[in-house]
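Remarks on the structure that follows.
Derivation of every value follows stated rules applied to the coordinates shown; laboratory data play no part. This one's a predicted model, so the numbers in the text were calculated from it and none came from an experiment. Glycine gets a Cβ as well: all are built from the backbone with ideal geometry, and neighbour counts include every protein chain shown.
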Amino acid sequence: MIWNRFLGAATRGCLVLLTVTFLVSDLAAEEDAIWGSDEPTHFDLEIHHPSIEEVTLFASHPQIVTPVGIAVAPDGRVFVQENHTHKRETKYKGPDKDRILVFEDTDSDGIADKRSVFYEGHTFSTDLLFGPDGHLYVSTRWFIGRFPNAADKATADGDPEKLVVCETDGDYPHNGVGGLAIDPAKPDWLAFGFGENLGADYRFIGSDGTELSGGAEGGSTYRCRTDGSQLERLSTGHWNAFGMAYDLKGNLFSTDNDPNATPPNRLLHVIPGADFGYEYRYGRSGRHPLVCWYGENPGTLGMIGALGEAACGLISYGPGQLLSASWTDNRVDLHGLTPKGESFVASREPFLSGPDDFRPVHFAYSPDRTELYFTDWVKISYPVHGHGRIWRVKLKQPVDLAPRPRGDDGSTFSFDDAMGRLASDDPYAQTRAIASLVSTPDLLDPMGWQHFESATAKASYAVALKRIDNGRGHQGRFIEAIPSLLNDPDSDVRFVGIKWIADEGLDQYRSDLQRTLERGDLRPRDLRSIVAALAAISEGDGKEFSPDQTLLDLAVDPLKPASLRSLALRNIRADHPGLTVKVLGTLVQSEVTAVQREAVRSLALHPKPDRAKVLADVAADHSIDSVTRADAIAGLVDSTGFDDLLQRLTEDADAAVSAEAKRTLVAQGLAQRKLDPKPDVDDLSGWQALVDTAAGQGDVAVGRRLFFHTALGGCYKCHAMNGRGNQIGPDLSTIHRQSDIDRDWLLKHIVNPNAEMAPYYRPQQLLTLDGEILTGLVVGREGQKQAYVGNDGVIFFVDKDDIEERRELMSSIMPSGLLDTMTADEIRDLIAYLLSGDES
């Protein structure tokens, strides 16, 4: 395979190259006539897991085309949804409706030799599932149905019995109903997912008349009795819960396909009342200040692990393990589940992978659980295209799918227990407590949140009030809490009030929001969310909202408080078109030190070269404070023509100015300094000893300049601090609040970025058609061109058609050797800055 050009024998380990021969038979001659037979004669897969004995191609084009859902009957027959309507083009020659086909292997050679049509008549099919009751459950974009006793039938008796119907104008093929799952220990209940539906209003109607509606809150999950009764919503804030599965202990999981320009796809642990942060009302991009992906907003949950792009099906793989299918990354992944509090952390490793024409979708097991079947869409084309495969994975041992004993699922608590859990540092405990309080609205007081000492408990209680007010017909009962929430000293508590106003369009609180802007303790998130909320109540929605122009207006307004102006300036992208060198030059002349300083820091990162003259003038001006002058000097590091100025400034009477001038000359290669030898990356004690040689306390101001330095630290290229920087890697603004993070933890992760790395920060290595090897972290997946960021912090684009092969790396894009050019004092200063949370 092509990857042999990347992988030497030592790094390939036990990967096995599998070559399978495509099925060639005289099945369904009419399909041969329609589609032709242009498949290659062989196909390469890589087996990554030792539990796999062999993989065979069970069926292929033209006998199966564009398959999605798959289910295996108790007698071993394989039922597959064949999709003919997904973004169908006029030139397409297939049937007018989707079909459910049945495949059989009558001679037990691992290849289907008999095929029949069970049903034809659906459009936009999504998933298929046999229940323990022998009924075949089917989902399309608009409903869930079932074929009673299909396990005993060769063909359907007629149309399926409709259990749950979704009434909506939404008609995008795969962001509606899907993701069917049944817990074998509770076979009378069926779970399913629903996509973001492009924000269109919808109404679900169960078989007993139960109705649930929504429209702009993002994707969601539901459960009902297997007869369609007792319908209830489980979670919201998904992008698209396309695949769902229960583990052996009854925990429900979902793939979240596909967070648009905000990778990665998420593996989510679904519990009643969960909110995973995304809301379509604030745009498709997922970048709006009022939405989140990682559980950072009060009342939301993050992912338990990362998935491959276009994550589709999900299935249990025995105790504590799941398999997922990545349509875009051409692989099946294995996820190990490690308990963490009341949830899990999921690992990710490859199970099977293939080339670009391997696009797995959904899974099903044989009755004896020794075989895993899954569908393969084959082509990157979204429109149906006449290609498809079904794969059969023979396992060395049967997969253990026996349900495990169940304890208390934590879905209900007494009122006192729920109140006590609001302050938990486990977001799943908080979520369960909030859900419990929402079920007892009459016991809650609009000002009850004020009785807590814990800011976490206050915010959680306020979230419960907000959900009741919005969802249970109590609107107006609890909104009196909003002004007090906005005045709370904690940012999370304030955020609940801000978002409440935006979500419900509560224009009567506009003046309260505007007054909140006057606070002297605003954090960057406060500012962005207030500005977004004001836009939402003014414009009716906040779709694809960008705050930069509003922030710029605040920054240049001399009538606004200095703290607000400086915070606004810090939160504007340095390359924003309105933030010109001329505008910043004017702000540099401000008599307000905080505004002047932020203007200098923006100039230091500004892309226009004429910024250097303004910075040089600041650096030479003895009437300006030394911190701002030193910031200006650091900003000259990538400019030429200022050698004489820097040399003079090395003799400046102010020690901070002199030291920064010397550092800039060193960084430019115009001066030398002695550096202590650096230990090996895995010698943490050696690094600790090195930093211990630095005398005194760390200088936070120097550390900040190193963080934003274009030649030395450069941390800002991927990380943000207090509003300034980039969001490619984790935002480090609140890292100092985490009790388990200290100097030694930071040393370990800066020196050795690969020591511990979240799966969603693993970069991709690409081999292009012209032989170029590129490495970068995915930062956007919209359109034909894929966006990546390299270890230099620079974003680059690659046309998807120009990628011959790609693989996920276990190494970080964060460069190693980041501290090698720093002195012990500078390392100490950088760490002091990270641990200080300094916002000056």
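Each peptide in 699-711, 418-430 receives the mean, over its residues, of other Cβ atoms within 10 Å, and ordering these scores from highest gives 699-711, 418-430. Taking the chain as the reference, fit the longest principal axis to its C-alpha atoms, fit the long axis of helix 593-605 to the helix C-alpha atoms, and give the angle between the two in degrees, 0 to 90, nearest 10. So the helix axis and the longest Cα principal axis differ by about 60 degrees. With a sphere of radius 10 Å drawn around the Cβ of PRO383, what net charge do the other residues whose Cβ falls strictly inside it have (Lys, Arg +1; Asp, Glu -1)? That works out to +3.
If you take all other residues with their beta carbon under 10 Å from the beta carbon of LEU252, and give Lys and Arg +1 and Asp and Glu -1, the sum is -1. By the Cα gyration tensor, segment 249-367 has an equivalent ellipsoid whose semi-axes, rounded to whole angstrom, run 24, 19, 11 from largest to smallest.
Legend: residue pairs LYS678/LYS785; LYS340/LYS748; LYS662/LYS748; LYS613/LYS748; LYS87/LYS800, Cα-Cα distance threshold 32 Å; pairs beyond threshold, LYS678/LYS785; LYS613/LYS748. Under 21 Å Cα-Cα from LYS608, which lysines qualify once same-chain neighbours fewer than 8 residues away are excluded? Correct list for LYS608: LYS582, LYS717. Computed over neighbours whose Cβ is under 13 Å from that of PHE415, the net charge equals -3, Lys and Arg +1, Asp and Glu -1. Taking the Cα centre of the chain as reference, the dipole from Cβ charges on Lys and Arg (+1) and Asp and Glu (-1) amounts to some 1080 debye. Given [x] 51, 33, 24; [y] 62, 35, 25; [z] 44, 31, 27 as candidate values of semi-axes √(5λ) of the Cα gyration tensor in Å, which corresponds to the one derived from the coordinates? Only one option fits the structure, namely [x]. Checking the a/c ratio against 1.5 first, then a/b against b/c, what shape does the Cα gyration tensor give for segment 178-287? Cα axes put segment 178-287 in the oblate bin. Modelled spin labels at ASP521 and ARG203, positioned 7 Å past Cα toward Cβ, are 4.7 nm from each other. Compared with the direct C-alpha span, the chain from ASP617 to PHE796 gains 61.0 nm at full extension, assuming 0.36 nm per residue. Take the Cα of LYS394, step 7 Å toward its Cβ, do the same at SER484, and the gap between the two points is 6.9 nm. Helical content alone sets the calculated 222 nm signal of the chain at -7000 deg cm²/dmol, taking -39,500 (n - 2.57) per DSSP H segment of four or more residues and averaging over every residue. Residues HIS576, HIS385, HIS362 in ascending order of nearby Cβ atoms (within 10 Å, fewest first): HIS576, HIS385, HIS362. Ordering SER538, SER590 by the number of other Cβ atoms within 10 Å of each residue's own Cβ, fewest first, gives SER538, SER590. Counting beta carbons within 10 Å around each of THR550, THR375, THR768, THR221 and listing the fewest first gives the order THR768, THR550, THR221, THR375.
One decimal place: the segment ARG648-ASP227 gains 143.2 nm when fully extended, by the rule 0.36 nm per residue minus the C-alpha distance. Here the simple spin-label model places points 7 Å from the Cα toward Cβ, and for ILE773 and ASP152 these points are separated by 6.1 nm.
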